[in-house]
1. Given the protein chains as shown and a 1.4 Å probe, how many square angstrom of residue 240 are accessible, to the nearest 10?
2. Under the 0.36 nm per residue contour assumption, what length would be gained going from the current alpha-carbon distance of residue 56 and residue 366 to full extension?
3. Please work out how much accessible surface residue 603 shows to a 1.4 Å probe, ignoring ligands, DNA and RNA, in Å² rounded to 10.
4. Quick one: net charge of residue 49's neighbours, Cβ under 9 Å, K/R +1, D/E -1?
5. Would you mind working out the magnitude of the charge dipole of the range 519-569 relative to its Cα centre, with +1 at each Lys and Arg C-beta and -1 at each Asp and Glu C-beta, to the nearest 20 Debye?
6. Looking at the range 341-399, which trypsin sites (Lys or Arg not before Pro) are in a loop (DSSP not H, G, I, E or B) and have at most 12 other Cβ atoms within 10 Å?
7. At 1.4 Å probe size, what's the solvent-accessible area of residue 227? Round to the nearest 10 Å².
8. Around residue 106, with a cut-off of 9 angstrom between Cβ atoms, what is the net charge of the other residues, counting Lys and Arg +1 and Asp and Glu -1?
Amino acid sequence: MITTLMAGLPLRYKMILPTWLMVTFIIGGIGALAIQFNVSSQKVNLDHRISVLTQAVANTLPAALTFDDSLSAQEQLNNLTFDPDIIAAQVLNSEHQGFIDIQRIPRGCAWNKGVVQCQSKEFEVHTTPISLGGEQLGTLKVWVSLEYLKAMANKLWTSLLIITLSLSVLAWLFARSLHRLIITPLSALHHSMEKMTRDGVLKKELPVLHDDELGKLTTCFNEMVSSLREREFQLHSALDSVEQKNRYIYRALDVMKRGIMVVSPGNTITYHNPAAAKELKDIEHVNNTRCVLERYFEPRSAIEEVLAAIDNQQPLHAIEMRAIQTQRHYQVSCHPMDENKHVLLQLEDITARHLAEHRRKLVELMFEQNQDAVLVVSRNFKVEMQNQQSHQWFGPLGSLYDLAFDNKFNNLKQLKTLLKNGRLSLETKVRCKTNWLPCQLTVRSLRNAKGKVEALVFTLIDQSVELELKRLNYVANHDQLTGLANRANAVNRLQESHNNGESQMVCFIDLDGFKAINDEHGHAVGDQLLCMVGKRLTSCLAQEDIVSRLAGDEFLLGINGMCSSPSIFNRVVEKLSTPFMIDGVACQVTASLGISYWPATDTTSLDQKITEADEAMYIAKRQGKNQFYCLDHIHARSNETEVGQSA
């Protein structure tokens, strides 16, 4: 209907009326919106001010309510009187009974039983709970007058009406003047437009019929159309290129193994690739950066650092975070984007790298704190690494040739064994700073993926303590003169064999005539004679049997198993009766043997058995020496009889 009405009006009214109506409605509309916005802002400010004031007063009232101190509550409630819009306030206790109140009731309003009642005045009620430690102690009610907002709104509407009417008149006058300025050249423009409409603006330019302002405007318009046509083509080409690049970029981001997120101002996640969605399960539903990071990562200090970099548009490189649920390690970096103040956030899973670094540090600690000297030597025998113990023993080494080994190392056969088996182990001595050090040398080859030897690892284990322990053990368990087992060693071995369920023959030996040789030829010859006796006794027995020297010219034998034949003892008597040649001197001694059988089932102590063997030895001596005697009289024989039989 309006369109039909406008179509029937003259041209001047078609130009004047729309201009006038448009200006009038724009001014009125903008003014109305401004008034509404102003009134709303004042209302919000009033609510905020009242809320802050009442909350502050409510925070001071718990003590007064707790101790029923109305005077203190009255003093705190009087602070509300500083706001001119507050007309009344009341404090209710936990039973919703009036505790204390203040009143500034305006005209037309009344205070009736704790409630403000007004006929024409507008007001609203604000209620604030009074709490202490999560327990509500009471309620603060405040009545706020809205008359100031109402009066301000009325003034604004009146001002808007006056301004709108004034500007409407000015708009009407301006529209009429504009009509007079434009209507004259409008006909020429009309003809040009008809020509353009018939021939098409995209194919031909508008003809210039008159060389006036409108003609110049038409010329500029033609040039503009031509330029726009060319720029439109360029723009389409550029948009196609950008679109294609965007597709490539998004495809690349989608296939990246790192998590990628684009964060816009306000910490809103506007894009994330599939890798990020895989790591952060709820990112589809929670698009706030802080919420996402606090839900999935720790520590909080690192999260705050990342959020600060996003807010300040600053780059952040390689800050480490840890996933709360999986305990995996991530490296987070921020890269500001110039466009629209966006930030590119990258999440890289570095758990494997972190574990490898941790293992590398453990290997370094193990290498440095190893109590053995460890050297890593290259193919040309250059020392690449040496641990702390190696430094203490040898000092800094440049080459393997700086180490001095004895003649048990560095031959071609050993190197071939090392290259073939990948490992070589031997006992050698190496020159330290002050002395030669006995050690266990172990050499291992390090090969690459192709099997080529890249380096050699030399490990030198100090054997000084072990060798000293062996020496001390040998001294403690062997006779220093003959090297035979001493009494303690023999007793331990005999007792151990008996405990293992083995039957044994315990033989006590005493040399006949040894004192005379010792007195005649000296102790040196006597000592050599004792050593030769020990060797002859050892040759008479099996390897697992026991030969020991007790003291002086007394020996003790331990023979495993029950010997049914006395041949072994005859052999001992015969061997010891053979003269000994010492420094050209023939020394003749014989031996008296006492034997005691110690079955595996016998519970008699070893000391008792040795005593029995000693007694049997004295019996053999009383019977003429140079023979053996067993307490059960089964194996008592004379050496002459045996020799005679052998002959």
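The values are calculated or read from the model by the stated rules, or taken from the named source; none is laboratory data. Remember, predicted model here, so these are calculated numbers, not experimental data. Note: ideal-geometry Cβ built from the backbone for every residue, glycine included; neighbour counts use all protein chains shown. Each accessible area value is taken on the protein alone, full model and side chains, heavy atoms only, with ligands, DNA and RNA left out. Shrake-Rupley method; radii C 1.70, N 1.55, O 1.52, S 1.80 Å.
1. That residue has around 110 Å² of solvent-accessible surface.
2. Working: separation 310, 0.36 × 310 = 111.60 nm, distance 6.35 nm.
Value of the extension gain: 105.2 nm.
3. Its heavy atoms expose roughly 130 Å² to the probe.
4. Details: positive: none; negative: 47, 83, 85.
In short, -3.
5. Values: 3 positive and 7 negative charges, 44 e Å.
Taking the Cα centre of the range 519-569 as origin, the dipole is about 220 debye.
6. Here the trypsin sites (Lys or Arg not before Pro) that fit, given the DSSP loop and packing criteria, are 379.
7. Roll a 1.4 Å probe over it and residue 227 shows about 40 Å².
8. Once positives and negatives cancel, what remains is +2.
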